[in-house]
1. Of the residues B:ALA282, B:ALA291, only one is out of contact with any Gly (no Cβ under 7 Å at 6 or more places or on another chain), assigned to a helix (DSSP H, G or I) and at the interface with another protein chain (Cβ under 7 Å from one of its Cβ atoms); which?
2. Collect the residues in the stretch A:64-109 that are more than 13 Å from chain C (Cβ to nearest Cβ), closer than 24 Å to A:ALA412 by Cβ and part of a loop (DSSP other than H, G, I, E, B), keeping them in residue-number order.
3. Which residues, taken from the stretch A:115-158, are part of a strand (DSSP E or B) and either more than 14 Å from chain B (Cβ to nearest Cβ) or surrounded by fewer than 20 Cβ atoms within 10 Å (Cβ to Cβ) (or both)?
4. Regarding B:GLU156, is this residue of a type in the set (D, E, K, R) and crowded, with 17+ Cβ neighbours inside 10 Å?
5. Would you check if A:ASP396 is over 30 Å from A:GLU75 (Cα atoms) and among the acidic types (Asp, Glu)?
6. Determine whether C:LEU245 is at pLDDT below 85 and at the interface with chain B (Cβ under 10 Å from one of its Cβ atoms).
7. In this structure, is A:GLU454 in contact (Cβ under 8 Å) with a residue 24 or more places away in the chain, buried (at least 22 other Cβ atoms within 10 Å of the Cβ) and either in contact with a helix residue (DSSP H, G or I) (Cβ under 9 Å, 6 or more places away or on another chain) or of a type in the set (Asp, Glu) (or both)?
8. Show the residue pairs that are 6+ apart or on different chains and have beta-carbon atoms under 7 Å apart, the first residue being within the stretch C:37-55 and closer than 20 Å to B:VAL146 by Cβ, the second being aliphatic (A, V, I, L, M) and surrounded by fewer than 18 Cβ atoms within 10 Å (Cβ to Cβ).
Amino acid sequence: MLNKRMGRRDVLRLLGLTAVGAAIAACTPKAEPTAEAKATVAPAKSEATAAPVQKEWTLLIDGGTPTDPSIELQEGERRLVGLQPAADDYMDLNPNVKIEWYFFPPGSNRNEWLNARMTAQDCPDTYWMNADALWPHVNKGWALDMTEYVNSPNPYMEGKRAWASYIDEVGRLSQIGPDGKVYGVNLDGAGVLWIYNKEAFDAAGVSEPPATFMDFMSACDKLKTKNYIPIGGDFSDQCCYTHWTHGHVFGWLAWDNIYNFDDDKDYYVTTKEMVQYYQKGEFPLWEEFTKLAEIFKMQEPFLPLGYQGNVDYRQMFRQGKIGTYMEGNWTVMSFIKDPPPFEYDWMFYPAITKDIWSKAPADKKVRLQGPWGGLQFHVPGYLTKTDPERIPVIMDWLMFITQPKYVETFCAERGNVPMVEGAEAIPEIAPFRAPYDRAVPYQSWASLSGPAYEQERALLAEYVGGAMSNDALVTKGKQIWEEEVRKVLESNPDWEIG
Amino acid sequence: MTESTVDVDARTVAQTMTRPRTALAETWRQMKRRWYCYLMLSGTFALLITFAYYPAFSAVYHSFTIWDGFRPETWVGLANYREIFTSDTIFRQAFVNMLLLSTWQVIRAGLFPLLGAALLYRIRSERWAYFFRLLFVLPIVVPGVVGIQVWRQLFEPNIGLFNALLKAFGAQPLGWLNDPKTALPSLMFMGFPWVDGVGLLIYLAGFLAIPIEVIEASIVDGASSWKRFFAMELPLIVPQIRLIVILNVIGAFQNFGWQLLVTRGGPMGATTVPAWEMYHQAIDSGRYGVASAIGTVLFILIFTMTLINNVSIRSNVEYQAH
Amino acid sequence: MASTSIPVKMKHSRYHLGRLLPPITLAILGFLTFVPLIMLLQLSVKSEQQMADSMWLPTWPMRFQNYDRASRIMLPYMINSLTFVVGTTTISIFFSVLSAYALGRYSFPGKEFLYMAILGLMMIPGILTLITRFVVVVKLSMNNSNWGIWLPMAAGSQAFQIIVLRTFFASLPEELFEAGRLDGAGEFHMLGMIAIPLAKPILTTLIVLQCNGVWNEFIWPIMVLRDPKRYPAILGILRLRELMLGVRDPGAEFAGYVIAGLPLLLLFAFSSRAFIRGLTSGAIKM
C-alpha cells in the first residue's frame, strides 16, 4: 500500500489538516502562569503560637530524610536517622500532622525532576536545592517568598527572637534572592578539602601534604612514577572537580577584585551580579580565566584516562588507585565508619603563589566553605494559589527543626557544619574547621547557568587536551558568554541594564 | 472532510435512483453505510488526538515562541529556527552525528540480521536451526538499558574489559567513550555483532515465504549458494528489507537513549544528536521553544526520508505472501 | 509447523567448507552476542571488593545474597511495571485491532487519508511532544496515576500495530467473510469470530513487542510519576545504584538488572512459538 505514491489530493488534505490544527493550537488559551510572574508572597503568621490549625495535614518532606526504612542493611552499612527524631517529636506535639519522607529517586537529574514536578504542581512540600542554582528559576514561581516568616519570632527557640537571627550570617544571606526577598531556609553548611591516600603519598616519597601548587605538581609527578593516578577528577557533568577547582583557584587569582562584584554583600557573586557586570563589560575576568585554564592544563597529565568523560574516581580512590581528589565534609562520617583499606587524611587546597601568578596574595588560604548543606529547604511557589492554608503548617515545621538539637543530630551523622545558634559541630570535622582567610565567593560559570557551565567544561577539556591557544580560548569563552547571557536575560528581562 | 452542505434534492433523488447525481451524495451515502468503520476507528483517534496530534500541533506552535513552560509564551517567529541553523558547532555537529549514526544504524539493522537469517536458512538440521534461532532471539528480553550499562562497563577506560585486554597485549589503552575522537565509533560499536533477534526473525519469515519450487529449480540448475542468495532470495525479501529500513530510519533519527544514559551528548559534544539537544534544551535549559523547533525540523527530515525510501527501493519480482 | 531449513534434498556439496560455514559463523556470532549477557551474570554475584580486585573474571565465593537484596527491593517495582504493561497492552491492542480491521477490510470515504494520518504519526519524534504531552496529562489530572501511563503509551504504539494488523486483515481471503455474511452475521461479529482467532499469532507477536517496549520505558514514567513508590522496575534499578548516602552495592545493581529481565524472559519462553509464528507469517513487511 505504500507503493502507491500519495496522490495530490491526499497531500492537500494533509496540508489542510495541518493548517487547521495549527490554527486550533494557536487559538487555545495560553498556558496560565502557575504563580505570579514575580515573587509569590506567603501570608504572614499572625501569632507566635505552637499549635497549627486543627485540620489534618500530611507534609511530604524532601530534605533531611533518613535512610529509607524499607532497605535492609547488610554488614558494614549504617542507617542514618536524619531528621526522624524531629519528625517524631513534632508529630507528638501536633497529632493532627503527619510527616512523610520523600525519597528522591537516586540517579535522577534534580533539575529534570524539579521541572516536571513544578509543571505538574505535585512537588513535595519542601524540596532541597542549592540556592544559587535556584535563582534563575525564581521568576517562574518555583520558590515561595518566606520573607515575612523568617522575620517572625520562632517560638521553638530560646528567646523567641526572629527566626533568621538564629541562623549564621552566611546561611541567612545565601537564601536572599536577586530581588531581595528570602526564598528558603538554610541550616547547615559544607566545605571541601582534598582527601588523600596517605600510604600512596608515603610510597611516592611525599612526606608532607603540599602547601603550594608547585609542591602539589611535584608530588603528583612522584605519584605518577609509582603508577598511581595522582588526581581524581574529570570534565563530565558529575560533581565536582571542575567547579571546585575553578572556585578555589579563582579565589587566589582574583584576590584583589572579586568582591567588587558582590553588590548585595551576601559574600557571593550571584547570577544577577554576573549578568549585570557582564553588560558593563567588567566581567568575566579573562586574564584570570586564561591563567585558570593553564593551571588546569598543568594538572592534565595527572588525571585518569578518559577524563573528558565520566570517570568513577571516587570508587577508584577506595580501590587505592588514586592519589587524591576533592571531597566534601558530608562524607567525613562515612569514611570513618566505612574506611578504605588504607590510611587517609585531609589536606588543604595548595595555594597559588607569586611564582605562578604575579598578582597572587602572599600566604593566604582560600577555602570552599559555605551554605551548601543538606538542610536547605525551599517551598513550591504555586502553593499560594493551590493550597495557601498549608503554608503556615510547613513554616511551623521548619521553625521546629531549626532547634539546635535536631540540626546537631543531622550534621553529626554526616559531618556537616551546623549554622544554627547553639548547635555544635562534631570534632571529627576538625580539618574543615581549620582557619582560612577567605571563603570562595564565586565557583564557576555554573552560577551563570547550567548550559554555561557545560560549555565551560567542554572548553576547558578542549584546552587542556589539545593545542588551543590562549587567544582562541578567550575568543571562544566570550562567544559562550554572549550566548548564555542572552538566554538568561530572556528568562529574566528585569536584569537587563538600560 | 471539507464537504459542508449536502444538496437535499440530490439526496432525495439518490435515494430513489440507483445512480446518484453528485459525488457528494455518493460519499455521504457510503459514510452512512459504513458507519461502523468510523466507530471502530473512534477509539484510536480519540487517543491519538488527545495524546499525539494535539501535543504535536502545540509543540509546532511553540516552536515559533519563547516558552519556559511556566510563564506565557512570547511569539518570536522564525528566531528559534534561525538560532538552530546559524548557531555554533553543537547543532551542526549534532546533525552530522545523526546522519552518521543513522546511516550506520540502517546499514547494520538491515545487513547483519539479514546475514544471520540467510545463514540460518541454510542450516539443514531442524534441531540446530532451532538452537541457533534461540541463541539470537533470547537476548531480546534483556532490557535495552541493561545492555547499555554493560557495554558502558566494558568500555570504561580505567577498569573496563577492553582496556584490560589491550594492556594485557601490551597495547596502549584508549579513551573509548570518554575520548572525543573515539566516542562516536565506540557508540557505533556497541551491540556487536549487531544481529538483532527481531530483525532476524522478520527476514527469516521472508525467506520462508519463498515458494519451495523456485529454490528447488535453481538448485537443480546448479546455482551455487551465493548465486542463489543474490539473484533470488534477496530480491524476494525486499518488502522485509523495506520495512526494517523505514523503521530504523525513523527510529535512528529520534533515538537519544545512548546520549541520555551514557554520554550526555559528550564528551564535548562528540556524540550529540538533535534529539538529545531537544531534550537538553527543554529539560535542562527550560527553552521549550527551541526544543520544539529542533523537533519540527527532525519531523520534516524523517518525513522526507520516508518518502524517499518508498520511492527508491523497488523490486521487479515480488511474491505476495499469504 | 514452520520449518526453518530447506526441506529439499541437495546434491552432496563438493565443498565441505560450504556446509560447515553457516553453523560455524552462526556459532561465532551467537557467542559474541551472548558475551555481554555472561558478563552481566558474573558481575551480579560479586561484592564491591571482588569487583575492585578482578572485575571481568569470575570470582569466588559467589555472592548470591546480592539477589536476595535486589529482589526484595525490586519486587514492588516489578508489580508496578506489570500494572503498566497489562494496562497499556490491553488498551492499545483493543483499539489497534478495531482500527486495523476497519482500515483493512472495508472501503469508505476518507480511508486513505485516515491511514496516512496514522502513518504520519510514526514520523513525529517522540521527544517533540514530550513536554506538551505532559502538559496535556497534567491538565487531565492524570499525572502520578496509572492512566497517565496507560493512555499516552497506548496512543504511541497505535501506529505500528495498526500498520501491521491492517496488512494482515487485508490479506484474509474474502470467502471466509462471505460465509459469515450469508449467515447474517454483523460486522463486529465477524471481527470477533473470524478475524481475531486467525490473527492470534500476529497478535501474540505484537503483544510481546509491546510488553517489551513498555517494560523498558523510563523517560515518561520519571516525568509523570511523582512518587518513587510507583516507579517501574527499570527505575527501581536506579535505586539499587545508591542505596543510601555513600553506600553502593554495584553487585546488587547488576543483580537487579537480571531480575528486571526475568519477567520478559518468562513471557518470551511461554509465547515463543506463537511469537515466531506471528513474525514468520509474512504479514510483517511493507
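1. Result of the check over B:ALA282, B:ALA291: B:ALA282.
2. A:LEU83
3. Correct list: A:THR126, A:TYR127, A:LEU144, A:ASP145, A:PRO153.
4. Judged against the criteria, B:GLU156 is a match.
5. Yes; evaluated as a whole, the condition is true for this residue.
6. Judged against the criteria, C:LEU245 is not a match.
7. In short, yes.
8. C:VAL45/C:MET62
The values are calculated or read from the model by the stated rules, or taken from the named source; none is laboratory data. Predicted model, so just to flag it, every value in this text is computed and none were measured. Note that we place each Cβ from the backbone using ideal geometry, even for glycine, and neighbour counts take in every protein chain shown.
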